[in-house]
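Read-outs throughout are calculated quantities, based only on the coordinates presented, and are distinct from any laboratory measurement. Here the structure is a predicted model, which means the values were calculated and not measured. Because the Cβ atoms are built from the backbone with ideal geometry, glycine has one as well, and the counts that use them run over all protein chains shown.
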Amino acid sequence: MHNVAAIFRREFASYFATPLAFVFIVIFLILAGAFAFYFGGFYERGQADLAPFFAYHPWLYLFLIPALSMRLWAEERKSGSIELLMTLPVTLWQAVLGKFLAAWCFAGVALALTFPMWITVNYLGDPDNGVILAAYIGSFLMAGGFLAIGACLSAATRSQIIAFIFTVVACFLLLMAGSPMIVQVLGGLLPQAIIDALASLSFLTHFQSIAKGVIDLRDLLYFGTTIGFWLIANAIVLDMKKSD
Amino acid sequence: MIEISHLTKRYGDFTAVNDISFEVRPGEVLGFLGPNGAGKSTTMKMITGFLAPTSGTVRVCGHDVQAEPLAAKARLGYLPEGAPCYAEMTVRGFLEFIADVRGLRGERRRSRLDDVIGRLALEGVLEQVIETLSKGFKRRVGLAMALLDDPDVLILDEPTDGLDPNQKHQVRTLINAMARDKIIVISTHILEEVDAVCNRAIIIADGRILADDTPQALAARSPSGRLDEVFRSITQGARGTPPATDAALEAAAHA
């Protein structure tokens, strides 16, 4: 466990060693606010809640999370520091977990810094803070899911740009899995059961159901399994590709 | 002790390391010699557990590197080729991280950090970001990392590559100072290095061991007593290059 903590600390600190942390957080906060006010009609709706704020999180994450995850392993492979890391007395698992948790925590920090939205809405009216808390949890879980995908794809390449693009595509497909667009395209090709199964994999549906304020065990389980699955894949990919 | 037995690494059809076996005992400084692409780095990566061998085994201090990687890695200090580091960290931050991962605590942690920082003269750059350091300092940071836990076995992949003559001398002095009670394996293609620090040399080409002897005995194989001539005749002979190449080149130069 102390190894996971050591890798976590190093990785977390490395975000702040470069302008990356600052740039990411500022852009995230500006966009999150801008989307909520302009597109979400935060004021015009005349309702004291954060629904228009959280509604755009999936789309924000779609581009911002891959920017966070792309360096996780691609950079280590490019610089050769992976050889250093993997010949220290740490297991593959400790490395995968430490790095993922650091990135997830960083995303959590960015998310937590949106607290002025919460203060605003409490100042303006009397929102259901339980729903808001649930939506924050849902948003954090979704960020974890995106990050786990990004970490795995980052391990598959030495190029951060390729890792970024693949992660955006993979996350987009998972977001849209249940949408009419994908369902219609696949409708003629696949049996209904498979389409339903694919639709149930959609990040969007699960996030939206938590964001409504209902923390259903199935949604938690969904995000937990997604993160677990992609982290296992991350470890496998890393083991195969680390020395290429 | 390092025990290597029938170690082989294949990439598809290409055999990088072909059935090599040898042992290294404490007090030995083994020079791993060979042309570029001979399989030196691949062998070192298998000794340190970074690469899994296609077949064969490596035991470090009695621990099979594949079966008990953590126990083996805890006894190993490894400087990979080019001394990769976390470039955005400070020297102190980097060494503290290595100390964390190696589980160094309390008094021993302090004394080990002081020891490597002093030994490699890093006091003046502790708060500097590694990226901004000169090549010589980066290499010293890498060596400090490898030495931090006072390992029984040191694997150094081209530790002096790209350093200036003074820096090379410093690294060699350092290796000589540690040679007595450790196992040190150094890969290099610089022959003078073998004379300067090693008490045993293995010449490898095309993934096979071609010679295994003391540097003096190896040098004595050539009428001129020069190691580079022995190296050339052994490694080029293995590749099927006619030994006359040099003579032909010389003749061409004269013409």
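Observations on the structure shown:
- Assigned charges on the beta-carbon of Lys, Arg, Asp, Glu; region B:84-150 dipole about Cα centre (debye): 180 debye
- Computed log₁₀ I(q)/I(0) - Debye formula, equal Cα scatterers, no solvent, region B:84-150, q 0.15, 0.20, 0.23 Å⁻¹: -0.39, -0.69, -0.92
- Cα shape, region A:2-241, gyration tensor, a/c 1.5 rule: oblate
- Most mobile listed residue (A:54, A:229, A:115) in chain A, GNM with C-alpha springs under 10 Å: A:115
- Take the Cα of residue A:172, step 7 Å toward its Cβ, do the same at residue B:108, and the gap between the two points is 5.3 nm.
- Cα long-axis angle, helix B:106-119 against chain B (0 to 90 degrees, to the nearest 10): 50 degrees
- Placing dummy labels 7 Å off each Cα toward the beta-carbon, the span from residue A:129 to residue A:194 is 4.9 nm.
- Degrees separating the helix A:160-176 axis from the principal Cα axis of chain A, which is the longest one: 40 degrees
- Built amide H within the under 5 Å cut-off of residue B:208, gap 5+: B:18
- The length gained on full extension between residue A:186 and residue A:56, counted as 0.36 nm times the residue separation minus their Cα-Cα distance, comes to 44.2 nm.
- With θ taken as phi - 60° and the Karplus curve 6.51 cos²θ - 1.76 cosθ + 1.60 applied, the whole-hertz 3J(HN,Hα) list for region A:24-36 is 4, 5, 5, 5, 4, 5, 4, 5, 4, x, 4, 4, 5 Hz, x standing for glycine and proline.
- For the segment B:83-91, counting C-beta atoms of other chains within 10 Å of every residue's C-beta and taking the mean gives 5.
- Global geometry of chain B, whether rounded, prolate or oblate, following the gyration tensor of its Cα atoms and the 1.5 cut on a/c: prolate
- Extension reserve of the residue B:66-residue B:54 stretch, reckoned as 0.36 nm per residue once the Cα distance is removed: 3.2 nm
- Kirkwood-Stokes translational diffusion coefficient of the protein assembly as shown, alpha-carbon pairs, 25 °C, 0.890 mPa s, µm²/s: 95 µm²/s
- When the convex hull of its Cα atoms is projected in every direction, mean area for region B:58-180 (nm²): 7.8 nm²
- The C-alpha atoms of chain A define a longest principal axis, and helix A:92-112 lies at about 30 degrees to it.
- Point-to-point label distance, residue A:78-residue A:39, nm (Cα→Cβ direction, 7 Å offset): 2.8 nm
- Using only side-chain charges placed at the Cβ, +1 for Lys and Arg and -1 for Asp and Glu, the dipole size of the protein assembly as shown relative to its Cα centre rounds to 180 debye.
- Ellipticity estimate at 222 nm from DSSP helix runs (n ≥ 4, -39,500 (n - 2.57)) divided over the protein assembly as shown, nearest 500: -18000 deg cm²/dmol
- Sites matching trypsin sites (Lys or Arg not before Pro) across region B:117-180 that sit in DSSP coil, with at most 15 neighbouring C-beta atoms within 10 Å: B:180
- With a 10 Å cut-off around each Cβ of A:86-98, the average count of Cβ atoms from other chains is 5.
- Of A:61, B:11, the sequence from fewest to most neighbouring Cβ atoms within 10 angstrom is B:11, A:61.
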